[in-house]
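To start, the structure itself, in structure tokens.
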């Protein structure tokens, strides 16, 4: 977590510091540089995600993390003379290289989690990683502003301070337990077009993982749309300064971090998919309320905090599910393909915000309403396509606050493939407890008379029950 947190901190601190420095030196060219820098950071995720997945599977992930942290340290040391000279081309190249580093680091940091923790702890581990990541993002953004204040005339020293943080992350990476290579003979794919197409086809061959990966990409789409729209929302509708709008983004990030941590704790030894529709419905409710809340700053803060909390509930179980259900030898490849989809979703969010404003003439409040409607569609699709999500949503309060379930021998039930569960049937609650004690969809045999009852029959059919 320390290695991941320092990378998130440095990425955001370095980008923000460079942008603020350029704004101070060349205000007229700032907008052009910001667009160029943003493109330079995102482009590697589109070009190198497939190659990054192959690398993550071919070599031991613990060793790769240490290597990537050493590269990060080298890049920030190179930033010292580049910032001292205020060389714009060198800074753009550095941002591109930092993006490339992140594109390769991302699949490794998530794909290694199932190798370090048990399946039951995946959600908790992802929750902690997400919490520390968003905390580091907030601290990195805030630190950049402080570095500009104190090192405006000596920007090279700021890069040196970030290099020191990278050095601490490198030392932390050396403490990660050794892991074996998942696919030692994996071929490296250097053609981003054909290899990305092949990875997307492979992802489609894993139905549940395929759906979860696209659902996770929607999280990044909504997050990017919220973040970009907040600046326009605050300045146009609320009359706030850009600095005040920046604090709104901090509130949103705090909510996501808190939601990620709580989602991990609520999972209690399992990948708790029941939290996903709860998170999606929260995005609908609080995203929709933002379309009405701009008259009250406190209401906006509350909505952003709760929307962030909901986003954490939505994202953490999906990420853990993808890691758990991906074939071990191809896990880096799957995570890297997910990264490609996530950053594609961010670009689509940018284009969508432009279209909402320039083409459809929607004000920022209406954009939040559209985002809430999109979240409603996704929530419906999750419930329709993956009925076990719906089951866990219905019975999550029952098994968390009324019954205390202790499952013994869960390792005997495979996550995939055929298995027969034979239980002692003493009450109608048995089926609920069995379903909630397992991490896969359980299809029950049931009396046809119950299966065909008009009120509950559609629910039994949606859950795949077998009438006898």
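Which residue out of 355, 336, 345, 315 is without any contact (Cβ under 8 Å) to a residue 12 or more places away in the chain and either surrounded by 14 or more Cβ atoms within 10 Å (Cβ to Cβ) or farther than 28 Å from residue 120 by Cβ (or both)? Break it down into steps so the answer makes sense when it comes.
Details: 336 fails: without any contact (Cβ under 8 Å) to a residue 12 or more places away in the chain; 345 fails: without any contact (Cβ under 8 Å) to a residue 12 or more places away in the chain; 315 fails: without any contact (Cβ under 8 Å) to a residue 12 or more places away in the chain.
Answer to the check: 355.
Scan the stretch 322-330 and tell me whether some residue there is part of a helix (DSSP H, G or I) and either within 14 Å of the chain's Cα centre (by Cα) or not assigned by TED's automatic domain parsing to the domain that holds residue 310 (or both).
Within the stretch 322-330, the subset part of a helix (DSSP H, G or I) is 322-325, 328-330.
From the residues that got through so far, the ones that are either within 14 Å of the chain's Cα centre (by Cα) or not assigned by TED's automatic domain parsing to the domain that holds residue 310 (or both) too are 322-323.
Yes.
Against the definition (on the phi < 0 side of the Ramachandran plot, assigned to a helix (DSSP H, G or I) and without any contact (Cβ under 8 Å) to a residue 12 or more places away in the chain), how does residue 133 come out, yes or no?
Details: on the phi < 0 side of the Ramachandran plot: yes; assigned to a helix (DSSP H, G or I): yes; without any contact (Cβ under 8 Å) to a residue 12 or more places away in the chain: no.
Spelling it out, it is not the case that residue 133 is on the phi < 0 side of the Ramachandran plot, assigned to a helix (DSSP H, G or I) and without any contact (Cβ under 8 Å) to a residue 12 or more places away in the chain.
Which residue out of 396, 386, 369 is within 30 Å of residue 300 (Cα to Cα) and modelled with pLDDT under 75? Write out each step before concluding.
Numbers: 386 fails: within 30 Å of residue 300 (Cα to Cα); 369 fails: modelled with pLDDT under 75.
Just one listed residue meets the conditions, 396.
Of all the helices (runs of 4 or more DSSP H) wholly in the stretch 55-120, which have at least 3 residues that are over 24 Å from the mean Cα position of the chain (by Cα), crowded, with 17+ Cβ neighbours inside 10 Å and in contact (Cβ under 8 Å) with a residue 24 or more places away in the chain? Full working, then the answer.
Numbers: elements: 61-85, 88-111, 113-116.
Those helices (runs of 4 or more DSSP H) span 61-85, 88-111.
What residue, among those in the stretch 448-468 that are assigned to a loop (DSSP other than H, G, I, E, B) and within 26 Å of residue 405 (Cα to Cα), is modelled with the lowest pLDDT?
Filtering the stretch 448-468 for residues assigned to a loop (DSSP other than H, G, I, E, B) gives 452-456, 463-465, 468.
Adding the requirement that they be within 26 Å of residue 405 (Cα to Cα) leaves 456, 463-465.
Working: 456: 84, 463: 77, 464: 81, 465: 88.
Taking the candidates together, the pick is 463.
Residue 191 fails exactly one of the following numbered conditions: (1) assigned by TED's automatic domain parsing to the domain that holds residue 19; (2) without any contact (Cβ under 8 Å) to a residue 40 or more places away in the chain. What is the number of that condition?
(1) is the only condition that residue 191 fails.
Considering each residue of the stretch 416-441, count those that are closer than 20 Å to residue 396 by Cα and either surrounded by fewer than 14 Cβ atoms within 10 Å (Cβ to Cβ) or at pLDDT 85 or above (or both), and give that number. Can you show your working first?
So the first thing to find is which residues in the stretch 416-441 are closer than 20 Å to residue 396 by Cα, and the list is 427-441.
Right, trim to either surrounded by fewer than 14 Cβ atoms within 10 Å (Cβ to Cβ) or at pLDDT 85 or above (or both) and you get 427-430.
Summing the residues that are closer than 20 Å to residue 396 by Cα and either surrounded by fewer than 14 Cβ atoms within 10 Å (Cβ to Cβ) or at pLDDT 85 or above (or both) in the stretch 416-441 gives 4.
Identify all residues within the stretch 143-164 that are within 11 Å of residue 17 (Cα to Cα) and without any contact (Cβ under 8 Å) to a residue 12 or more places away in the chain; write none if there are none.
Once the filter is applied, which keeps residues that are within 11 Å of residue 17 (Cα to Cα) and without any contact (Cβ under 8 Å) to a residue 12 or more places away in the chain, the stretch 143-164 yields 146, 149, 151.
If you check residue 334 against the conditions, is it outside the structural domain of residue 111 (by TED's automatic domain parsing), at pLDDT below 90 and closer than 28 Å to residue 102 by Cα? Working first, answer last.
Values: outside the structural domain of residue 111 (by TED's automatic domain parsing): yes; at pLDDT below 90: no; closer than 28 Å to residue 102 by Cα: yes.
So residue 334 fails the test.
Go through the stretch 140-159 and give me each residue that's under 12 Å from residue 10 (Cα atoms) and surrounded by 17 or more Cβ atoms within 10 Å (Cβ to Cβ). Spell out the reasoning first.
Kept after step one, since they are under 12 Å from residue 10 (Cα atoms), are these residues of the stretch 140-159: 140-144, 158-159.
Result: 140, 141, 143, 144, 158, 159.
Restricting attention to the stretch 133-176, which residues are over 22 Å from residue 79 (Cβ atoms) and in the same structural domain as residue 51 (by TED's automatic domain parsing)?
To start, the set of residues in the stretch 133-176 that are over 22 Å from residue 79 (Cβ atoms) comprises 134-135, 174-176.
Answer for the stretch 133-176, where residues must be over 22 Å from residue 79 (Cβ atoms) and in the same structural domain as residue 51 (by TED's automatic domain parsing): 174, 175, 176.
The values are calculated or read from the model by the stated rules, or taken from the named source; none is laboratory data. If you're wondering where the values come from, they're calculated on a predicted model, not measured in any experiment. Glycine also receives a Cβ, built like all others from the backbone with ideal geometry; neighbour counts cover every protein chain displayed.
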